[in-house]
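See structure below.
Throughout, read-outs are computed from the coordinates displayed, never taken from laboratory work. Everything quoted here is computed from the prediction, not taken from an experiment. No Cβ is skipped: glycine too gets one built from the backbone with ideal geometry, and neighbour counts run over all protein chains shown.
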Amino acid sequence: MSEQLTHSASKKAFRKDIPLIDQIPPRKKHILRGLPESELHVEEFLMNIGPQHPSTHGVLRLVVSMEGEVVKSCEPDLGYLHRTFEKISENRTYQQIVPFTDRMDYLGSMNANWGVAAAVEKLASIEVPERAEYIRVIVAELNRIASHLMWMGAFAADIGALTGFVYGFREREMILDMFEEICGSRLTYGYIRVGGVAEDVTPKFIQMVNDFLKILPDRVTDYHDLITGNVIFIERTRGIGAITLDEAISYDITGPMLRACGLPWDLRKEEPYSLYSKFDFNIPAYFNGDCYDRFRVRMDEIMEAAKIVRQALDGLPEGDYKVKKLARNIKPPVGDVYIRQEAPRGEYGVYMESDGSIKPNRVKYRTPSFTNLSILPLAARGWKIADLIAILGSVDIVLGDVDR
Amino acid sequence: MEFQAIVELVKSRFPKTEAEYDKNLIIDKNDFFFFVEFIRESPELNCTVLDLLTASDHLPENQIHMIYGFQSYRHKHYVLVKVKLDRQKPAIGSLTKWWGIANWTEREVFDLYGVQFEGHPELRRILTPPDFVGHGLRKDYERPGFFVKKPDFK
Amino acid sequence: MDVILGLLYVVILFSLVAVQVLILVFMERKVSAWIQSRIGPNRVGPWGLLQTTADIIKLITKENIRNIQSDKVIFFLAPILAFVAPFAGFVTIPVAENLGIQDLNMGAVYVFALGSSMVFSVIWAGYGSNNRYALIGAMRSAAQMISYEIPLVTSVLGVFLIAGTLSMREIVALQESGTWYVIYQPLGFILFLVAATAEANRAPFDLPEAESELVAGFHTEYSGMKFAFFFLAEYTEMLVACSLMTVLFLGGWLIPFVDNSQIPWWIHIFVFIFKVYSMIFLMMWFRWTFPRLRVDHLMQFGWKVLLPFALVNLVVTGAVALWLKS
């Protein structure tokens with residue numbers, strides 16, 4: 001089934017400038033899944049990783065049972081960051097929900113805002129001005145770049161290359177400066193709101209984006225030189241934590257993790273929302289489903305997102321940046337809506353149910369981190385403890401997004 | 001596949017099916033397992049992905065709605081399915097034997113709504129602590145007060 | 001009289017090494033900052049020079065915390081041994097002609113023997129602190145140190161074959177008449193550099209304290225002064241390894257193409273320090289550039305790559321030396 005599902009266009013590897021690495025045959029997958037029977041008497045060694053640990057990316061707790069260094073089973077324990085956002089959202093008006101989503105996926109806040117805004121707009125049939133949509137695309141894609149850069153740094157640090165961490169932050173800092181210029185905050189923006197965006201973009205912002213897009217290709221080439229081609233890095237990631245496409249579909253893996261398994265499924269392309277049908281961009285995909293391919297998918301996505309930002313910036317029309325007259329309390333008709341968008345970590349869905357009052361009856365955030373993390377017990381089994389950290393890093397979780 | 005075609009196809013197999021808001025299917029609880037098998041295996045629908053699994057509480061109607069989102073990567077359509085359960089004793093079959101993701105999402109729904117999933121291998125709380133009392137997302141859930149009740153000195 | 005003189009030497013040596021470590025920590029921070037396009041410490045003192053001093057004061061004044069289930073004696077002894085072993089190695093290293101505490105005729109063997117005893121301190125620390133991260137770190141460390149000990153020693157045997165002596169001072173003196181041994185033994189030098197990096201638990205071989213997996217490895221439970229001793233030990237070990245490299249391969253205090261007997265002794269000291277610090281810079285460069293190896297890769301690399309090369313190097317050197325003699 002998986003072969004039929006793969007897109008024919010992606011049969012050729014997306015990046016052509018690293019051919020040497022592609023020629024190395026991939027390691028045999030799942031070689032360690034079935035653990036060999038040990039002749040020695042080995043005792044199970046239970047280790048608790050987290051909730052306070054340098055590489056659980058927040059407050060995730062993993063209960064790992066090991067045989068020597070080999071992970072026998074790994075049970076994630078969630079909920080340390082559960083802040084009941086779904087319950088809070090039921091007790092707020094539709095406009096008041098937006099700022100809470102910043103705190104869920106705090107590395108991709110723009111995308112998180114956008115999901116809720118789009119859901120309310122669809123529920124209440126609000127037309128958004130074209131300029132606002134363009135601005136949304138620009139900031140969402142910039143945020144995708146920032147999130148992937150941050151991930152690259154954190155992943156390199158998980159592998160042990162601490163320098164990559166700082167390099168990733170260097171460019172992310174430039175994007176944060178841009179966001180500070182348009183909305184005044186650097187982490188929790190609340191910029192994309194129901195009916196448009198909070199503020200119009202300034203000429204300085206456009207200048208900053210232009211400058212950033214100019215230097216980005218050089219910097220990404222630097223990262224490829226520093227990390228992608230490094231022998232130790234390849235040794236640590238190639239074939240590690242490989243999952244098949246069928247497993248990925250069974251566990252509802254979305255986003256870069258799915259695309260690393262060989263299915264170039266991207267909602268921006270498959271079900272184009274907003275303005276994405278207007279832009280020309282590619283969906284990078286690789287086939288091994290291991291940490292190395294996840295890394296390459298995300299690195300390629302940085303460049304693709306930059307392409308979209310470039311096009312959106314060139315086509316930015318004049319006009320309003322938000323709906324002029326919007327009711328203070330929106331009262332959508334009875335009904336429900338499910339919005340799905342491609343966030344940096346995968347498919348971000350907002351299910352919203354209206355009972356005709358000013359507050360929603362039910363808001364469900366289908367967050368990519370939660371579903372992507374669910375494959376960790378399967379993917380990590382049989383690998384070493386160092387690989388477990390690499391696999392966990394490659395999943396790209398944000399704990400605020402997992403626990404909500 | 002368009003929504004109308006899906007509705008007709010499903011209705012021909014499961015006559016109790018209703019359509020809601022021109023985009024959702026409402027399936028009878030007794031048909032649900034067969035419906036999932038049908039939507040997963042039939043070549044026209046082939047929804048191989050369980051994309052959404054959640055619930056919503058409808059206190060006035062005394063119902064809990066299970067909400068399932070099925071995605072087909074091959075036909076590129078999305079089916080949102082609702083199943084209405086009794087609010088007092090909500091129970092439905094578990095999808096863990098078909099989808100790995102159902103393990104966690106069903107645990108989440110059990111945690112926050114108290115829906116019993118029959119056949120789930122380890123139905124325990126996932127987001128709230130194990131000693132949590134009640135189900136947080138139910139409309140009649142009342143938060144215990146911040147302050148410890150004063151001891152009665154009589 | 002001898003005892004007093006000996007104690008005096010120890011005190012002088014200790015203060016010298018401690019100052020060196022202070023400088024090294026500062027250098028590590030500045031080098032890493034430079035590699036990572038940061039600024040590094042710049043607040044305490046001029047150019048942040050006093051930052052490490054402030055850190056040491058903080059560590060000394062910190063409360064001494066001990067896990068209640070830890071083994072008291074072993075927990076206490078581990079950091080002491082960790083520091084004493086590499087520190088004692090300094091005794092035989094000649095900094096300049098006639099400037100070194102004691103020249104043993106078995107100097108090299110003495111240093112390597114002390115380096116091997118480092119394993120005890122790591123295992124004690126890991127076992128004594130009753131922590132699972134520490135235990136795994138200690139086990140890794142023991143495996144790593146024992147496996148890299150062998151290529152480390154084997155790679156320098158070629159030098160001893162050429163020199164025909166084990167005394168450090170004589171080895172340096174022999175390099176004055178001829179050339180540096182790095183020319184004769186390029187493979188040996190590279191092997192020694194890699195094995196010494198592993199022996200000093202420096203990245204990319206810093207598995208015992210792999211911070212992304214094991215928090216801090218074998219010294220997870222240590223804090224305050226005891227942690228400072230481990231810290232001190234790591235840098236002292238690096239200093240010893242680089243000094244050995246300088247003495248055995250890079251001609252110690254000698255300046256090439258110059259009549260060294262004409263040059264005053266204090267310039268020799270600076271030359272020696274310059275060479276040692278260049279090697280240390282190389283190690284720091286490794287640390288801040290490479291990702292970390294995995295434990296099985298590390299073992300494979302040690303046994304399947306380093307050791308065969310070291311043995312081949314040894315055999316070829318011996319054969320050539322025999323041939324030249326006859």
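Can you give me the C-alpha center-to-center distance between the range A:99-140 and the range C:270-310, rounded to a whole angstrom? Comparing the Cα centres of the range A:99-140 and the range C:270-310, I get a distance of 50 Å.
Paramagnetic label reach from C:I60 (point 7 Å along Cα→Cβ; backbone nitrogen cut-off under 18 Å): within the range C:5-34, residues C:11-26. In plain terms, if you count all Cα to Cα distances in chain A and split them into 10 Å steps from zero, the share in each step is 5, 23, 32, 25, 12, 3, 1, 0 percent. Sorted into 5 angstrom bins from 0, the C-alpha pair distances of the range B:3-118 split as 2, 12, 23, 26, 20, 12, 4, 1 percent.
For chain C, modelled as a GNM whose springs connect Cα atoms under 10 angstrom apart, the maximal fluctuation among C:F189, C:F274, C:F75 occurs at C:F274. Once the Cβ-Cβ distance of A:M303 and A:E67 is raised to the sixth power relative to R0 = 41 Å, the FRET efficiency obtained is 0.45. To make sure I understand the rule: partners must be aspartates and glutamates, Cα under 14 Å from the Cα of A:K322, and not fewer than 8 residues away in the same chain. Which ones qualify? Output for A:K322: A:E121, A:E127, A:E130, A:E133, A:E199, A:D200.
Against chain A, whose longest principal axis comes from its Cα atoms, helix A:291-314 is set at around 20 degrees. Residue pairs exceeding 23 angstrom between C-alpha atoms, taken from A:K122/B:K76; B:K23/B:K84; B:K29/B:K89; A:K331/B:K29; A:K87/A:K122; A:K87/B:K82: A:K331/B:K29.
Mean residue ellipticity at 222 nm, helices only, chain C: -22500 deg cm²/dmol; runs of at least 4 DSSP H residues each add -39,500 (n - 2.57), and the sum is divided by the number of residues.
Database remark: amide H of B:L85 closer than 5 angstrom to the amide H of B:I64, B:H65, B:M66 (H placed geometrically; neighbours at sequence offset of 5 or more, or on other chains; Pro and chain starts carry no H). Exposed loop sites are taken as GluC sites (Glu not before Pro) in a DSSP loop (any state but H, G, I, E or B) with at most 12 other beta carbon atoms within 10 Å; the longest stretch of chain A without one runs A:128-317. For the segment A:154-162, counting C-beta atoms of other chains within 10 Å of every residue's C-beta and taking the mean gives 5. Take the Cβ atoms of A:E75 and C:V11, set R0 to 51 Å, and the FRET efficiency comes out at 0.40.
Only lysine pairs 8 or more places apart or on separate chains count here, and in chain C those with Cα atoms under 23 Å apart total 6. Size descriptors for the protein assembly as shown: radius of gyration and Dmax over Cα atoms are 32.0, 108 Å.
Scanning chain C for DSSP H helices at least 30 Å long along the axis (C-alpha atoms) with a Kyte-Doolittle mean no lower than 1.6 picks out C:2-35. Neighbours of B:E122 by Cβ distance under 14 Å: Lys/Arg scored +1, Asp/Glu scored -1, total -2.
When you filter the GluC sites (Glu not before Pro) in the range B:52-154 for DSSP loop state and at most 11 other Cβ atoms inside 10 Å of their Cβ, you are left with B:E61, B:E122, B:E142.
Taking 7 Å steps out from each Cα toward its Cβ at A:K325 and A:D280 produces label points 4.2 nm apart. With the largest listed first and rounded to whole Å, the semi-axes of the equivalent ellipsoid of the range A:171-219 from the Cα gyration tensor are 21, 12, 9. The mean count of C-beta atoms from other chains within 10 Å of the C-beta of residues in C:287-300, rounded to a whole number, is 6. A simple count of charges around A:Q95, restricted to other residues whose Cβ falls under 10 Å of its Cβ and scoring Lys, Arg +1 and Asp, Glu -1, yields +3.
What is the distance in Å between the Cα centres of the range C:64-86 and the range B:58-99? Their Cα centres are 58 Å away from one another. With a 10 Å cut-off around each Cβ of B:44-56, the average count of Cβ atoms from other chains is 5.
A simple spin-label model places the labels of C:L322 and A:N210 7.6 nm from each other, with each point 7 Å out along Cα-to-Cβ. Each residue of the range A:242-255 was assigned a 3J(HN,Hα) from its phi angle through the Karplus curve 6.51 cos²θ - 1.76 cosθ + 1.60 (θ = phi - 60°); the sequence is 5, 10, 7, 5, 5, 5, 4, 6, 5, 8, 6, 6, 10, x Hz, with glycine and proline shown as x.
Restricting the calculation to Cα atoms, the range C:52-91 shows an Rg/Rh of 1.08 when the hydrodynamic-style radius is the Kirkwood one.
Using every Cα-Cα pair within the range B:33-78, state what percent have a distance larger than 15 Å. Every Cα pair in the range B:33-78 considered, those over 15 Å come to 50 percent. Report, in whole Å, the centroid distance computed from the Cα atoms of the range A:367-404 and the range A:253-308. Taking the Cα centre of the range A:253-308 as reference, the centre of the range A:367-404 is 19 Å away. Multiplying each eigenvalue of the alpha-carbon gyration tensor of the range A:213-308 by 5 and taking the square root yields semi-axes of 23, 22, 7 Å, largest first, rounded to whole angstroms.
With Cα atoms as the point set, chain C shows a radius of gyration and Dmax of 20.1, 66 Å. In this structure, B:K23 and A:D218 have a Cβ-Cβ separation that, at R0 = 56 Å, corresponds to a calculated FRET efficiency of about 0.75.
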